[in-house]
Amino acid sequence: MTRAFRSRSKPVEYWTIDIADEYCAIHTGDVGTHGEWQLQEYLDADIAAESFAELIAGRKQAGFAEDKGFDPNAQVYLDDPEFGLHELTSHPAFKAHFTDPLYLDVAEEESPFGSDNGADALASLTEGFEGKSSPDLLGFAENLVTSNWEMQYHPPGEDTDIDYWAIGGPSTSDQAIIATAFGSIKITGRVPAALKELAVASLERWRELGAFEEVPSPALTRMIEDLRAFPV
């Protein structure tokens, strides 16, 4: 239940608030910027609801008017670094399509952001969106692997005899690609078609070469199916 407001002063500021269980998410900034996100946790859902109402009342007293034209799908969603992954700081399209808890699980190595590489990729992608211009999504993973991590980039389809799990091997590139694709959807609700196909190929390579106890990996199979079905 998102409530959105705008200031009457210039530059015009926006202020939105959303609630789920014992959490409230606040998004603030100047109109035309991606702004900042803050997640607040309360003792229980009742206290969160009381704070939700009080914060809205305070914003109205400060001269903010309700934004009747607010579109939650047009926003950029960035996690609060103090809390990390959360449904309230995820795009509505991401929450609606990727419903399995796997997608926000930081302890599951096979989730998009559960590995160290996946978590680092999402953090770097978030930093990119915090800037004045949005990052180049299609080339993001390759640049991250080669420039930031100073490793060799191994795109899906490459013919190589390097061990999949070697440091800087294909697994590193796959995890960066997968996190970039899912991160794009989590943040913006969209993913370029070429990046989506690249991420599906990375998931398939990971499922084939990852040497899991369960073959094929149920988690990776679910991710492949869900990502393929996501509209671009």
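Normalised by the number of residues in segment 3-74, what is the relative contact order in percent for Cα pairs under 8 Å and 6+ residues apart? Before the final figure, lay out the partial values.
Numbers: 111 pairs, mean separation 23.1, N = 72.
32 percent.
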Open item on the list: Explain nothing, just compute: Karplus ³J(HN,Hα) = 6.51 cos²θ - 1.76 cosθ + 1.60, θ = phi - 60°, for every residue of segment 101-106 in order, whole Hz, x for Gly and Pro.
Closed with: x, 3, 6, 10, 8, 8
TODO: Calculate how steeply helix 170-188 sits against the longest principal axis of the alpha-carbon atoms of the chain, using the helix alpha-carbon long axis, and give the answer as 0 to 90 degrees to the nearest 10.
DONE: 20
TODO: Give the order of Glu66, Glu142 when sorted by the count of other beta carbons within 10 angstrom, beginning with the fewest.
DONE: Glu66, Glu142
- [ ] At q = 0.17, 0.20 Å⁻¹, what is the base-10 log of I(q)/I(0) for segment 99-229 according to the Debye formula with one equal point scatterer per Cα and no solvent? Please give it to two decimals.
- [x] -0.83, -1.18
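Counting Lys and Arg as +1 and Asp and Glu as -1, each charge on the Cβ, what is the dipole of segment 93-209 about the Cα centre in debye, to the nearest 20? Working shown, then result.
On the way: 7 positive and 20 negative charges, 136 e Å.
Result for segment 93-209 is approximately 660 debye, rounded to the nearest 20.
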Open item on the list: Based on alpha-carbon centroids, what's the gap between segment 54-129 and segment 7-23 in Å, whole number please?
Closed with: 15
Task: Helix-only mean residue ellipticity at 222 nm for the chain, each DSSP H run of n ≥ 4 adding -39500 (n - 2.57), per residue, nearest 500 - done: -12500 deg cm²/dmol
- [ ] Sum up the lysine pairs in the chain that clear both bars: alpha-carbon distance under 18 Å and a spacing of 8 or more or different chains.
- [x] 5
- [ ] Compute the separation of the alpha-carbon centres of segment 171-198 and segment 30-50 and state it in Å as a whole number.
- [x] 27
Task: Folded to 0 to 90 degrees: helix 218-229 orientation relative to the chain principal axis, Cα - done: 70
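Every read-out reported here was derived from the displayed coordinates using simple, explicitly stated rules and does not represent laboratory data. Predicted model only: the values in this text are computed from it and were never measured. Positions of Cβ are generated from backbone atoms using ideal geometry, with glycine treated the same way; all protein chains shown enter the neighbour counts.
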